[in-house]
Each structure stands twice: as C-alpha cells, then as structure tokens.
1. If H124 satisfies all but one of (1) within 20 Å of D69 (Cα to Cα); (2) in contact with a helix residue (DSSP H, G or I) (Cβ under 8 Å, 6 or more places away or on another chain); (3) of a type outside the set (K, R), what's the number of the condition it fails?
2. Can you find, within segment 69-92, the residue that is most open to solvent (accessible area, probe 1.4 Å) among those that are at pLDDT 90 or above and outside any helix (DSSP H, G or I)?
3. Could you list all residues from segment 123-153 that are small (G, A, S) and modelled with pLDDT under 85?
4. Please specify each residue of segment 137-181 satisfying the condition of being part of a helix (DSSP H, G or I), more than 23 Å from Q109 (Cα to Cα) and either in contact with a strand residue (DSSP E or B) (Cβ under 7 Å, 6 or more places away or on another chain) or among the aromatic types (F, W, Y) (or both).
5. Between a first residue in segment 66-83 that is without any contact (Cβ under 8 Å) to a residue 12 or more places away in the chain and a second residue that is of a type in the set (K, R), which pairs have beta carbons less than 8 Å apart while being 6 or more apart in sequence or on different chains?
6. Which one is farthest from M87 (Cα to Cα), of the residues in segment 172-190 that are aliphatic (A, V, I, L, M) and buried (at least 16 other Cβ atoms within 10 Å of the Cβ)?
7. Could you list, ordered by first residue, the pairs with Cβ atoms under 7 Å in which the first is in segment 146-161 and within 16 Å of A85 (Cβ to Cβ) and small (G, A, S) and the second is assigned to a loop (DSSP other than H, G, I, E, B) and open to solvent by 20 Å² or more (accessible area, probe 1.4 Å), at least 6 apart or interchain?
8. Considering segment 16-51 alone, what residues qualify as being free of Cβ contacts under 8 Å to residues at least 60 places away in the same chain, part of a loop (DSSP other than H, G, I, E, B) and open to solvent by less than 50 Å² (accessible area, probe 1.4 Å)?
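The values are calculated or read from the model by the stated rules, or taken from the named source; none is laboratory data. Quick caveat: nothing in here was measured; it's all calculated off a predicted structure. No Cβ is skipped: glycine too gets one built from the backbone with ideal geometry, and neighbour counts run over all protein chains shown. Ligands, DNA and RNA are stripped out before the accessible areas are found, and what is left, the full protein with its side chains, is counted by its heavy atoms. Shrake-Rupley method; radii C 1.70, N 1.55, O 1.52, S 1.80 Å.
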Amino acid sequence: MTTTKDETREAILAAAKGLFKRFGPVKTSMADIARELRMSPPNLYNFYPSRDAILEAIGTRELITLQQDITAAIRETSGDWARVAVMFMSTARHMHDKLGNEKDILQLQALEKKNRWKFVDDFHAFLRCTAETVLREAIDAGRLDHDDPGGAISALFDCLISAWDPVLILKFQRDDHLRRIAAQLSLLERAFLKMPPNATPMRRSSHNASSRPGKSTFSSR
C-alpha cells in the first residue's frame, strides 16, 4: 500500500507525540522518530527539517483545536461574564489534559524562546481578543459601561495567569485547580463589575451606581 504525503506527515506527528510523552521533547531525536516509524532519517528530513519543527507543528495543531473548542463553548454559553469564564475554564481543562510533567514543560518553554514559535503568541492574542470582543458586545448592547476595556482585559489576564500558564497549571491537581479558577472568576466578576454579591451577573441592575464609592472600569448601567 502506498501512502500520501499528508498521511506520512500525520504518521510522523503521531509517532513523535508518543515519543515526546514517553521520553520528553529534549531527549527525543529525529533518529528516534525515524526509528519508530521504520523510516530512514533522510526521508524524515524531507517532511520536517528538525525535531523542533515537529514540536511546532504539534503545538500549532493543539492550540488551533483549543481555539475551536473555546469558540464553540462561547457560542453555546449565554451571559456575558459566563462567556468570559468559559474561555478561561476551557483553557485550563485543555492544559491539564494535554500537558506532560513540569520538567518537560520547562524544556518546551526554553525551546519556545529559542525558536520564537508564533503559535504561542497567536494563542495568547486569540484569548485576549476573544475576551475583549465578548465585553465589547456587552458594551455595545448597553449592558455595560466602560472606561478602558483593553486595560481591564490585561488586568483580568494578570489575575488569572494560572489558568493558562503551563508551569503554574502543573502545580495543582486538576479538580482542585478548576475549583480555584472558578472561585477567582466569581470574585473577579464582582470586582470588575462592582455589583452586589446577589446581583444577576452582567445584567442591568437597579442598584444605584452613585451610592458606590469610586467608579469601576466596568459597571452596570
């Protein structure tokens, strides 16, 4: 049976993922991947110029899949803050399910800095753009007032860095970590919106804004 180039690329990525999981990204060489596939190293280089290129291809695919999952989850979620929350929760779940051990993650981060993998920056930009889009839709619909949505999103990401930073994620057990992020999101909802604890999230409130000290970046009309 003959295989197409696309099928061979898929086989290479699948074999490489298995080896990376077993031995770590740094300890796996192109020769190891070729041996796993019973392929000559020169033939393997015809498809990918290096092990780091294979890592980049796998990482790009993983984050594209995550972006699609987040987009679908947001589409199926009602409520402005709930849509922001599902983005962070989906990211944390995906990271827990896909990441290896802390040593491998540190090695990958070193490789990412060396190679300047664009897919990492693209994913971070996707998260920020998605969150800002959700909040701007609420602003345009009159459900929120705002001073600086972009600045508020930056602050939100700083507060929730453990939802998407690989090294921090691996310091927690999955279920405990997801509970922590949910609690942080609940607190941030009130902090961002300065709403009473029993108010319906991100909806118009009869609470008198003038009775509250200061002015929030985001506040209910």
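1. All conditions are met except number (2).
2. E76
3. A138, A141, G142, G150, G151, A152
4. I139, A152 - these are the residues of segment 137-181 that are part of a helix (DSSP H, G or I), more than 23 Å from Q109 (Cα to Cα) and either in contact with a strand residue (DSSP E or B) (Cβ under 7 Å, 6 or more places away or on another chain) or among the aromatic types (F, W, Y) (or both).
5. Qualifying pairs under 8 Å: T77/R83.
6. L188
7. A152/T217
8. Residues of segment 16-51 free of Cβ contacts under 8 Å to residues at least 60 places away in the same chain: 16-19, 22-23, 27-51.
Next, from what is left, pick out any that are part of a loop (DSSP other than H, G, I, E, B): 27-29, 38-40, 46-50.
T28, S29, M39, F47, Y48, S50, listed by residue number.
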